[in-house]
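My structure is below; once you've seen it, I'll send some questions.
The values are calculated or read from the model by the stated rules, or taken from the named source; none is laboratory data. Since this is a predicted model, take the numbers as computed values, not measurements. Glycine also receives a Cβ, built like all others from the backbone with ideal geometry; neighbour counts cover every protein chain displayed. These area figures cover heavy atoms from the full protein model, side chains too; ligands, DNA and RNA do not enter into them. Shrake-Rupley method; radii C 1.70, N 1.55, O 1.52, S 1.80 Å.
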Amino acid sequence: MARITLERLRYSYLADPAADADWALRRIDVEWADGGAYALLGPSGCGKTTLLNIVSGLLRPTRGRVLFDAADVTGLDPADRHVAQVFQFPVIYDTMTVYGNLAFPLRNRGMAADAVDARVREVAAMLDLDGKLARRASRLGADDKQKISLGRGLVRSDVNVIMFDEPLTVIDPQMKWVLRSKLKEIHRQSGITMIYVTHDQTEALTFADTVVVMYEGAVVQIGTPVELFEKPKHTFVGHFIGSPGMNVLPCGIDAGGVIFDGERIPLDVSTGRAAQEAASLELGVRPEFVRFSDDGFAVEIAKVDDLGRHRIVDLRRGGHVIRMLAGEDDAIPSENPRIRFDPAYTRVYRDGWMMAGESGR
Amino acid sequence: MIGKTTNQRAWLLVAPVVALVAFNALIPMMTVVNYSFQETFGDNVFFFEGFKWYQQVLTSERFHASFGRQLVFTGVILAIEIPLGVAIALAMPRSGPWASVCLVLMALPLLIPWNVVGAMWNIFALPDIGLLGRAVNGMGIAYNFTQDPVSAWVTTVAMDVWHWTSLVVLLAYAGLCAIPDAYYQAAKIDGAGAWAVFRHIELPKMKRVLTIAILLRFMDSFMIYTEPFVLTGGGPGNTTTFLSIDLVKAALGQFDLGPAAAMSLIYFLIVLLVCYVFFTVVMRDEEK
C-alpha cells in the first residue's frame, strides 16, 4: 500500500527525442492517494498505456521520477515494486490449472505451500472461482481468464497497486458490467489502489472516484466525474466526456460578458489581458445546459434526433451548429425558436484552456 | 435441402486433379504394390508370390540392421536438432537489423541442394585434404570417415545437424515471435524467472510449431538418402546404410524388384504409422 507520485515524468520511445511530437508523454505530474479508485481516460494513442507501464516498471521513464510513498522506485524492476497489472487480453499460463495460475506469483516468491493454499482459496472465493480451481485455465471463457489475471495480483498481500489496461475489451457486453461491479466490490473489500485505463468514458466514470483525462501525452484534467462534466478544464475534456460532447463556439469578450455571433451573453468574465491579446477565445456549453427561452437569441432548428428518453436538437446560428439536449416532454417551438445558455455552466476557453477567474457559480 | 441440384458435370471439374493424382501418386504406387506380390525374371513375365516378399523382408537380418540404424540415426538427430534449434531461436534477437541478418544466416543451409551438402561435407571432412579432417587429425584424434564407422556416423550426424537445425530454428523463432508482449510483462510482474518463463510461456506457445518441426524432421531424416549417399555411400561396409540407401541397393543394385517393392511399402507404412500416432497423441493432449 502506498501513495504513488509521478514527478516531472517524460517518456519517449525514441533514442534522442527533440521535437514535441517525439514524446509519448510530454510532462506528467500526478499524485495517486493510497486506496483510491482512479481511471486513466483518453483516446487511443494518448499515452495511457505508456504511463501505466512506467508505473508498473515495465518501462523506465526518460526523465522524472516515480515515487511509492517517499521511496524512489524509478530504477526498480516490476517484481520488486509489488504491483499487479491486468492486460487488455487475458494472460494465463496454459499449462497450469486455475489453482496453479493463482499460486504462480506466490510460488515464484518462495512462499510455503500451506500459506499459498490458504491465500489461493481466499482469493478464488473472492472472485467466484472456487468451483473451477482444478480446471485447466486455458479451457475457461474470457471473463474467467481475466478474473485469473486479476487474481494473480490479488493473491500477493504486498501489492501496492493493481493496474488495469482496458481489461474489458474482449469481454461480452453482458459480462462487462458484472465484472465491473465485481471490480468495485473487490476495491472496497481490499482497499488496494486501483488504476483503470480505458478509452470508454462510461467505464471510467462508473469505476473511478477520480478520473485522470489524458490527451496527446499530457494530463489535461484530474477530477471527479461531476467536475469533469460541469467544469471541463480543456475543450478536449468537454468534447470527450459527455454524449453528445460540449458545444465549443468561437466568441469574443467584453466587460459585459461573452459575445457570440453578435449576441451578448451576460457572464461575469475578467476581461483583463485575455481580451486584448489575439488569443483564440471559445465558449463552451454542454447540450444539457442549452434551453429554449424567449429572452434568448434566435436560432434555426436543423434536425431533431429522438433517442427515446431525450432528444438531440441540432440548432443553427450563423454557420455554427449548437447541440441541445431536450427532455421527452420539453416542447420544441415551431416558430422563431430562441435559446439561452445557462450562465452557471457556460465556460470561456482561451487557446483551449478554461480561463481562470471566470465565474462558475 | 432446398435448391440442391445434382449435376454430373461436376466430375468434369475435378477431372484434372484426379488425373494428376492418378499419374503422380496412385499409378506409381499401385505398380509398386503389384511388384511386391510377384516375381519377375524380365520379359514381362510375372509369377504371383503372395506375401512371400513381405515375409522375407520382415525376417531378414539385413532389413533389421538398416531399420535399426535408421531408428538410431533419426533418434540422434532429433535429440540434437530440436533442443539446439529451440536454444538458437531463443538466443536470436526478436527485432532490429540483427534479426534479419540472423534469419538470412539461418536460412542459408536450407537453400543448398542436398547432394551439394553431401559433396561439401565429403571434401570438408577428408582426412588428408579437408579442413575439418586435417584439423581433427591434427588434434591427435584418429578420424577417417571413409574407413572408420564412428567417424562416418559422427560426420553424417554433424552434416544433418548443420543442414537441418535451421528449419527447427525458423519454426521455433516464428512460434516465439507470435507470443504477445503481455505474457512476458505479466511473467515479470509475477516474479517468474527465466526458466519459468520458458517452461510456462515459451514452450507451451511453441508446442504447435515444434510438433510440426518434429514431424518434418522425423519424416525427412527417416527417408534420408542423398547426403549420406554422396558422403559415405552407405559405408564403410554397411555402417551408414540407412533404409532408403538399402532400398535402392536392393532395387537398382541387385534388381530384386519384388523384395524391394515389399520393402518400400513396409517403409512407407512405418513412416505413416509413426506420424499418425505422434500427431494423434499431440493433438489429443491439445484437446484436453
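So what J values fall out for the stretch B:193-207 if you push phi through Karplus, 6.51 cos²θ - 1.76 cosθ + 1.60 with θ = phi - 60°, rounded to Hz, Gly and Pro as x?
x, 4, 5, 5, 4, 5, 5, 9, 10, 5, 5, x, 6, 8, 4
Quick one: among B:Pro149, B:Pro97, B:Pro113, which has the greatest mean-square fluctuation in a GNM of chain B with alpha-carbon springs under 10 angstrom?
Result for chain B, Cα springs under 10 Å: B:Pro97 fluctuates most.
Taking all protein chains in place and a 1.4 Å probe, what share, in percent, of the accessible surface of chain B do carbon and sulfur account for?
Using a 1.4 Å probe with all protein chains present, chain B comes out at 72 percent carbon and sulfur.
Describe numerically, in nm with one decimal, the distance between label points set 7 Å from Cα along Cα→Cβ at B:Arg94 and at B:Val271.
Simple spin-label model gives 3.7 nm for this pair.
Hey, any idea what % of the stretch A:244-354's accessible area is carbon plus sulfur with a 1.4 Å probe?
So the carbon and sulfur contribution to the accessible surface is 44 percent.
Just read off the accessible area of B:Phe124 with the full protein assembly in place, 1.4 Å probe, to the nearest 10 Å².
It works out to around 70 Å².
Give a residue-ordered list of calculated ³J(HN,Hα) values for the stretch A:249-254 (Karplus: 6.51 cos²θ - 1.76 cosθ + 1.60, θ = phi - 60°; whole Hz; x for Gly, Pro).
Calculated HN-Hα couplings, in order: 10, x, 8, x, 8, 8 Hz.
Step through the residues of the stretch B:45-51 one at a time and calculate ³J(HN,Hα) from phi using the Karplus curve (6.51 cos²θ - 1.76 cosθ + 1.60, θ = phi - 60°), rounding each to whole Hz and writing x for Gly and Pro.
With coefficients 6.51, -1.76 and 1.60, one gets 9, 10, 10, 6, 10, x, 8 Hz.
Find, to one decimal place in angstroms, the Kirkwood hydrodynamic radius of the stretch A:244-354, where the mean of 1/r is taken over every pair of different Cα atoms and then inverted.
Hydrodynamic radius (Kirkwood, Cα only) of the stretch A:244-354 equals 14.5 Å.
Over every pair of different alpha-carbon atoms in the stretch B:136-288, take the mean of 1/r and invert it; report that Kirkwood radius in Å.
18.8
Within the stretch B:202-228, which residues have the backbone N less than 17 Å from the label spot 7 Å out from B:His64 along Cα→beta-carbon, could you tell me?
none
Students often forget the sequence filter, so: which aspartates and glutamates lie under 14 Å Cα-Cα from A:Lys231 once same-chain residues fewer than 8 apart are removed?
Straight-line reach from A:Lys231, under 14 Å: A:Glu288, A:Asp342, A:Glu358.
Compute the helix-to-body angle for A:98-108: its Cα long axis versus the longest principal axis of chain A, expressed 0 to 90° and rounded to tens.
80
Checking the cross-link filter: which lysines have an alpha carbon closer than 16 Å to that of B:Lys205, excluding same-chain neighbours under 8 positions apart?
Hits, sequence-local ones excluded: B:Lys288.
Under a 10 Å cutoff between Cα atoms, tell me which one of B:His64, B:His163, B:His200 has the largest fluctuation in the Gaussian network model of chain B.
Per the Cα network of chain B with a 10 Å cutoff, B:His200 tops the list.
On the accessible surface of the stretch A:4-238, probed at 1.4 Å, how many percent belong to carbon and sulfur atoms?
In the stretch A:4-238, the share of accessible area belonging to carbon and sulfur is 50 percent.
Give me the Å³ per residue figure for the convex hull around the C-alpha atoms of the protein assembly as shown.
Dividing the Cα hull volume of the protein assembly as shown by its residue count gives 300 Å³.
Mind pulling the angle between the C-alpha long axis of helix A:173-190 and the longest principal axis of chain A? Nearest 10 degrees, somewhere in 0 to 90.
70
Another question, then. Per residue, how much accessible area does chain A have with a 1.4 Å probe, in Å²?
Value for chain A: 44 Å² per residue.
Which of the residue pairs A:Lys48/B:Lys188; A:Lys48/B:Lys207; A:Lys145/A:Lys184; B:Lys52/B:Lys249 have a Cα-Cα distance greater than 23 Å in the structure shown?
A:Lys48/B:Lys207
Near the amide H of A:Cys251, under 5 Å away, which other amide H atoms are found, from residues 5 or more places off or on another chain, if H is placed in the peptide plane?
A:Leu281, A:Glu282, A:Leu283
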